[in-house]
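Comments concern the structure below.
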Amino acid sequence: MWSSNVSTGAELSISAIPASQLAQDFGTPAFIMDEADFYARACTWSSALNNAFGSNAGNVYYAAKAFICVEVARWIKDIGIGIDVCTGGELAVALKGGIDPSKIELHGNNKSVAEINKAVASGVGTIVIDSLFEIDRVAEAATKNGLVQKVLLRLTPGIEAHTHESIATAHEDVKFGFSIASGAAWKAIEQVRTHASLELRGFHAHIGSQILETESFEISAQRLIALLAKYRDEFSAELPELDLGGGYGIAYLPGENNLDPELVMNTLAEVVTSACANQKLAVPRVSIEPGRAIVGPTMFTLYEVGTTKDVVLENGSTRRYISVDGGMSDNLRPALYEAQYTAVLANRSSSAKKISSRVVGKHCETGDIVIREIDLQSDIAPGDLLATPATGAYGRSMATNYNHVPRPPVIAVKDGKARVILRRETEADLLGLDI
Ligand code: LLP
């Protein structure tokens with residue numbers, strides 16, 4: 001839940017910097033990011049992949065959509081892993097951060113022709129093709145640039161992953177990829193093979209996000225391998241790559257656990273190895289795309305309390321509403337997926353009795369809830385700070401300007417020093433778009 005350099009003692013601190021100091025220096029709300037923890041998690045996933053798959057380990061492609069800014073792109077470059085981008089915007093940040101284009105993978109179910117051209121011209125290593133239209137578009141871009149583009153096909157293996165409906169991606173009735181069961185995948189394979197400017201490297205599947213068990217990943221791998229075998233039978237050639245996507249879940253609440261990288265990678269290595277042996281296939285290079293599992297636990301959001309009020313509920317009990325200075329503009333996940341978070345009083349300790357509370361934001365909307373139900377100290381008052389852990393993934397990256405609220409900064413903390421890596425938006429930024 002908390003990153004490794006956070007201490008939740010009397011006053012919450014990160015790398016020995018107290019929360020109150022961070023609030024004073026950088027303002028609230030703010031995303032506070034544990035830089036060393038980010039490095040450690042990225043390296044852990046990379047070594048889990050390498051240890052499990054050995055010489056068949058492909059790349060870890062960090063999923064930029066979880067969170068990216070130029071400084072984090074520089075960290076990715078430094079760590080030496082790859083990156084998955086799914087728009088021209090994310091591609092621009094990755095390139096600006098100096099990431100080797102050959103380690104960039106482009107995703108997206110509706111990449112524009114301009115995005116495809118930019119990616120091909122930049123030398124992006126892999127384009128993951130998502131539709132029949134795109135096969136021709138990528139082929140044309142590659143021809144125009146005088147090169148052969150490496151591509152994967154994004155497949156939907158027909159899996160009902162155990163997660164929220166909006167973030168499951170590999171059942172049949174979904175906008176992404178080519179269905180294996182319906183034959184769409186096969187049609188795409190044949191179409192790719194008609195283009196000399198495309199090199200089909202293998203298959204990709206991403207089954208969903210915030211998945212906390214390994215079974216769905218195992219089934220997905222088996223179905224992709226069955227198709228690799230069919231390909232070999234038909235064309236007497238083996239495809240060398242498999243990308244199993246991201247989706248590894250993390251802990252948001254006390255008592256929950258992150259999906260263990262070593263456990264998932266070892267399980268997948270066993271499944272892939274035995275499925276390939278059964279099909280008499282060479283084991284392909286296996287890549288993964290974790291986003292949340294790398295960046296999620298590395299940040300917490302620091303809020304200041306502005307008001308509180310007590311509401312007597314129908315059953316006679318009392319609920320305390322605690323309003324903080326952010327809300328659904330910096331954390332859309334509770335409203336979108338009924339995601340649950342926790343929070344602690346961050347600027348002091350308190351032994352006051354805990355009472356039933358709801359943490360809400362400052363937006364003009366009843367659904368602007370950060371935490372629907374939590375027991376918090378009854379003496380929490382305006383001016384206090386609350387910290388919500390595990391907001392690194394899909395927090396700042398899905399932040400909006402709803403109600404013209406400027407989006408919060410990201411403050412990286414390392415070795416007792418804090419610095420802004422993505423600044424707070426200002427009113428000038430907001431007004432800057434108006435003509
Ligand atoms: N690869 C592909 C092709 C993806 O579509 C995604 C996420 C990932 C990798 C990374 O998944 P992760 O490891 O982060 O779970 N906004 C939602 C999550 C949407 C995920 C979309 N695709 C949320 O806040 O839960």
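The values are calculated or read from the model by the stated rules, or taken from the named source; none is laboratory data. Treat the numbers as computed from the prediction; the structure is a model and nothing was measured. Backbone-built Cβ (ideal geometry, glycine too); neighbour counts: all protein chains shown. These area figures cover heavy atoms from the full protein model, side chains too; ligands, DNA and RNA do not enter into them. Shrake-Rupley method; radii C 1.70, N 1.55, O 1.52, S 1.80 Å.
Structural remarks
- Cα-based shape type of the stretch 22-154, given that a ≥ b ≥ c are square roots of the gyration tensor eigenvalues and the cut on a/c is 1.5: oblate
- Shape parameters for the stretch 35-290, alpha-carbon atoms, Rg then Dmax in Å: 17.3, 54
- Computed over the chain, the per-residue total of -39500 (n - 2.57) for DSSP H runs of n ≥ 4 gives a 222 nm mean residue ellipticity of -9500 deg cm²/dmol, rounded to 500.
- Under 17 Å from Lys309, Cα to Cα: aspartates and glutamates that are on another chain or at least 8 residues apart: Asp325, Glu365, Asp368, Glu373, Asp375, Asp379, Asp384
- For the pair the stretch 280-339 / the stretch 32-88, the C-alpha centres are spaced 22 Å from each other.
- Viscosity 1.002 mPa s, 20 °C: Kirkwood-radius Stokes-Einstein D of the chain over Cα pairs, µm²/s: 94
- Rounded percent of accessible protein surface that carbon and sulfur make up, the chain, 1.4 Å probe: 49
- In a DSSP loop and with at most 14 other Cβ atoms within 10 Å, the GluC sites (Glu not before Pro) in the stretch 334-392 are Glu338, Glu365.
- Helix runs (DSSP H) in the chain reaching 20 Å along axis by Cα, Kyte-Doolittle at least -1.0: 35-53, 215-235, 261-279
- The calculated FRET efficiency for Phe133 paired with Cys43, based on their beta-carbon distance and R0 = 35 Å, is about 0.35.
- For the chain, the relative contact order is 20 percent, taking Cα pairs closer than 8 Å that sit 6 or more residues apart in sequence and dividing their mean separation by the residue count.
- About the centre of its Cα atoms, the chain shows a dipole size close to 580 debye [charges on the beta carbon of Lys, Arg (+1) and Asp, Glu (-1) only; nearest 20 debye].
- Estimated FRET transfer efficiency (Ala196, Leu431; beta-carbon r; R0 35 Å; 0.05): 0.10
- Summed over the residues of the stretch 35-290 and divided among them, the accessible surface reaches 39 Å² per residue at a probe radius of 1.4 Å.
- In the stretch 345-379, the trypsin sites (Lys or Arg not before Pro) that fall in loop regions by DSSP, at most 16 other Cβ within 10 Å: Arg348, Lys353
- Partner aspartates and glutamates whose Cα lies under 17 Å from the Cα of Lys111, excluding those fewer than 8 positions away in the same chain, are identified as Asp84, Glu90, Asp130, Glu134, Asp136, Glu140.
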